[in-house]
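Report on the following structure.
The values are calculated or read from the model by the stated rules, or taken from the named source; none is laboratory data. Treat the numbers as computed from the prediction; the structure is a model and nothing was measured. Don't worry about glycine lacking a Cβ; one is built from the backbone with ideal geometry, like all the others, and counts go over all protein chains shown.
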Amino acid sequence: GPMALFYNKKTFDRYGIEVPATWDEYLDAARALRKADPDTYIAADNGNPGLTESLIAAAGGRPFGADGDKLTVNLQDAGSRKYAESYQKLLDEKLLSPIAGWSNEWYQGLAKGNIATLLSGAWMAGTLKSGVPDAAGDWRVAPLPTYGGEYATSVNGGGSLAMMKQSDNQLVAAAFQRFLSAEKGADLTQATGSFPARAEVLASESFLGEKDPYFGGQEVNRVFADSLAAVREGWQFLPYDVYALNIFNDKVGKAYTGSTTLQEGLNLWQDDLITYGKEQGFTVN
């Protein structure tokens, strides 16, 4: 899921706002949208742990490290602090809609253009097509905003195929997975919005040059492929990332209601992740 900025061109054009290329410009666009229409927000976020990890990674943060049973947890590294400082401005000025992602209200906001952007992986293209079909032609895709200078991004979400160990038809299951991932069947997953993992497709002009009618005929795959090439290397997940995501809003969620700052919430999250790791038998620094 190489990240990109999905934006509602219709909304941006209505208020004469330029598509942001940097996080400073993103903040300015958020302010301009709210000034033009108090019911319009640059994005919706009431605490999204996966997005937070992705944006920290794009900022160069490497808060988690795993080497066997030895772990590191440091949500105060330079990249994490850079992300928190920048994103905090959106929270302080109440520029983000508190609508929960994936709710009916969220889909309605995307359809109306009241939620003007999405920071997400390439798979979001398929979600918009299926979940917000009436907005066809309104949306476009741009590179993920940067902190200035070199273009750098990260991934958000993704997919995989699994075969149950208990299956009585493992050979058939394995063959089907190969068909879907590396052979002709991969076109089926690609058609539903999944970003391809095959190098030959990523280098294909037929893929890169495909004009997507939902996005006004834009060649969106070029944006996604460029993002993939600019993903910062070195990110690691904790062995208990599922636990980390589950407790995120208990610790960091208060920042979205103004009860604490984002960095303070990340610090609380860090403390809990260290404690939990030690309880699970890891050596954690």
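Brief remarks on what is shown
- Flag set for ASP28, criterion: of a type outside the set (A, V, I, L, M, F, W, C), modelled with pLDDT of 95 or more, outside any loop (DSSP other than H, G, I, E, B) and surrounded by fewer than 22 Cβ atoms within 10 Å (Cβ to Cβ).
- Among the residues making up segment 150-196, those that are in a loop (DSSP other than H, G, I, E, B) and surrounded by 15 or more Cβ atoms within 10 Å (Cβ to Cβ) are ALA152, SER154, ASN156, GLY157, GLY193, SER194, PHE195, PRO196.
- Residues (under 19 Å from ASP28 (Cβ atoms), charged (D, E, K, R) and assigned to a helix (DSSP H, G or I)) located in segment 79-110: LYS82, GLU85, LYS89, ASP92
- Residues (small (Gly, Ala, Ser), over 19 Å from ASP271 (Cα atoms) and crowded, with 20+ Cβ neighbours inside 10 Å) located in segment 76-100: SER97
- One residue alone among ALA191, ALA225 is within 21 Å of the chain's Cα centre (by Cα) and free of Cβ contacts under 8 Å to residues at least 12 places away in the same chain, and that residue is ALA191.
- Which listed residue is among the charged types (D, E, K, R) and within 24 Å of ALA29 (Cα to Cα), from ASP212, ASP168, ASP138: ASP138
- Within segment 224-243, being farther than 16 Å from SER80 by Cα and either of a type outside the set (Val, Ile, Thr) or assigned to a loop (DSSP other than H, G, I, E, B) (or both) holds for PHE224, ALA225, ASP226, SER227, LEU228, ALA229, ALA230, PRO239, TYR240, ASP241, TYR243.
- Scanning segment 256-279 for residues that are under 15 Å from PRO49 (Cβ atoms), in contact with a Leu (Cβ under 8 Å, 6 or more places away or on another chain) and surrounded by fewer than 22 Cβ atoms within 10 Å (Cβ to Cβ) returns TYR256, GLN270.
- Some residue of segment 198-217 being under 17 Å from the mean Cα position of the chain (by Cα), buried (at least 16 other Cβ atoms within 10 Å of the Cβ) and not β-branched (Val, Ile, Thr): no
- The set of residues in segment 139-149 being touching a Leu at 6+ places or on another chain (Cβ under 9 Å) and in a loop (DSSP other than H, G, I, E, B) consists of PRO143, LEU144, PRO145.
- Close pairs from segment 170-183: first touching a residue at least 12 places away in the same chain (Cβ under 8 Å) and within 18 Å of PHE195 (Cβ to Cβ), partner of a type in the set (Ser, Thr, Tyr) and surrounded by 15 or more Cβ atoms within 10 Å (Cβ to Cβ), Cβ under 8 Å, at least 6 apart: LEU180/THR189; SER181/THR189
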